[in-house]
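Quick notes on the structure that follows.
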Amino acid sequence: MPLLTVENLKAGYGKLQILHGVSLNISRGEILSVIGPNGSGKSTLLKSIFGLTTIFDGKISFKGEDITRKKPHEKARMGIAYLPQTDNLFTKLKVKENMLLAGYTLSESEYQERLKEALEFLPQVKEFWERKVWTLSGGERQMVSIAMAVLRKPELYMLDEPTAALAPKIARTILEKIVQLRDTFGAAIILVEQNAKAALKISDNALLLVAGKSVFQGSSSELLRDKELAQMYLGVK
C-alpha cells in the first residue's frame, strides 16, 4: 500500500481552481519530484495535501485513511511535515527556541532524545544554536527547518523549493541532505524544485505539472529520456 495517495485532486483558493484532477502515489523510502513551469500548481499541490487550500473534488489518503478534509495540525500529528519555501521559521527567535517550539508536544525526555537525533543528522545546526534566525543565511535557515522537521519524526516530508535563491554549492548540500533523509529514516519525500535536472537526478519518480494538470508520471530517468518533454517544459537537452 502506498504511504500517500492523491486521487483526481481539484483544488485552489476560494473560487479559483488551480489543480485540475491531479493524482499521485508515493511509498516509504521514495523521493518524488514535482516539477513544471512557474504557475503550474506545484506549490498548490503541497498546500492542498497539507490542508491549506480549497478542495473542490478528489481524495487524499495517508496510510489508508482519508485525510482530505483534515486540518493541517491533524495531518502534522499523523506524520506529515510540510516545509514551505518561506516563513517556515520564527526569525526573531534563536535557533534553539525554534527547535523547542518544534517539539512542544513532546515530553522532556522525548524532546532530548529526538533533539540528539536531529543534531546528529544535521550537526551544522549546533554551530548557530544561540543565534537568532534573522542573522542566518538562506542555506543555514534551510538546515534549521529540516532539523525541526526531523525532530517531529514524520513519515512524509513535503519540501517546497528548498534550494531557491541558494548558491549552487549550498543547493547541492541541501539536496544531498534530502537524499539522506530518505536513506537514514526511510521517509517518503515529495520535492517541489525549480531546478528540474538536479531534482530528477536525486529522485526515484517524477510528476510533471503543466497548468494544473499532470503531463507525465513515472520514473525520473524515463522523463529525462523523453527529449520532447524535457526540452519543452524543463529546459533540459
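The values are calculated or read from the model by the stated rules, or taken from the named source; none is laboratory data. Please read these numbers as outputs of a predicted model, since none were measured by experiment. Cβ: placed from backbone, ideal geometry, glycine included. Neighbour counts: every protein chain shown. Accessible surface is based on the protein model in full, side chains and every heavy atom, while ligands, DNA and RNA are left aside. Shrake-Rupley method; radii C 1.70, N 1.55, O 1.52, S 1.80 Å.
Scan the stretch 117-161 for residues that are under 16 Å from L191 (Cβ atoms) and among the small types (G, A, S) and the total you get is 2. Scanning the stretch 169-191 for residues that are open to solvent by less than 10 Å² (accessible area, probe 1.4 Å) and touching a Ser or Thr at 6+ places or on another chain (Cβ under 6 Å) gives I174, L191. Within the set of pairs 6 or more residues apart or between chains, which connect a residue that is acidic (D, E) inside the stretch 199-223 to a residue that is in a strand (DSSP E or B) and surrounded by 17 or more Cβ atoms within 10 Å (Cβ to Cβ) with Cβ atoms less than 6 Å apart? The qualifying pairs are D204/I31.
The set of residues in the stretch 55-81 that are touching a residue at least 40 places away in the same chain (Cβ under 8 Å) and open to solvent by 50 Å² or more (accessible area, probe 1.4 Å) comprises F56, D57, K59, K63, G64. For the stretch 195-215, a residue qualifies if it is closer than 14 Å to G41 by Cβ and open to solvent by 20 Å² or more (accessible area, probe 1.4 Å), and the qualifying residues are V210, A211, K213, S214, V215.
Selection of the stretch 144-168 for residues being open to solvent by 60 Å² or more (accessible area, probe 1.4 Å) and either touching a residue at least 40 places away in the same chain (Cβ under 8 Å) or more than 12 Å from Q194 (Cβ to Cβ) (or both) yields R152, K153, P168. Taking the stretch 19-46 as the range and being out of contact with any Asp or Glu (no Cβ under 7 Å at 6 or more places or on another chain), crowded, with 20+ Cβ neighbours inside 10 Å and not in a strand (DSSP E or B) as the test, the residues that pass are G36, S40, G41, K42, T44, L45.
Scanning the stretch 85-137 for residues being surrounded by 14 or more Cβ atoms within 10 Å (Cβ to Cβ), within 23 Å of the chain's Cα centre (by Cα), among the hydrophobic types (A, V, I, L, M, F, W, C) and part of a helix (DSSP H, G or I) gives a total of 10. Residue check: is L9 surrounded by 23 or more Cβ atoms within 10 Å (Cβ to Cβ), assigned to a helix (DSSP H, G or I) and not hydroxyl-bearing (S, T, Y)? No; evaluated as a whole, the condition is false for this residue.
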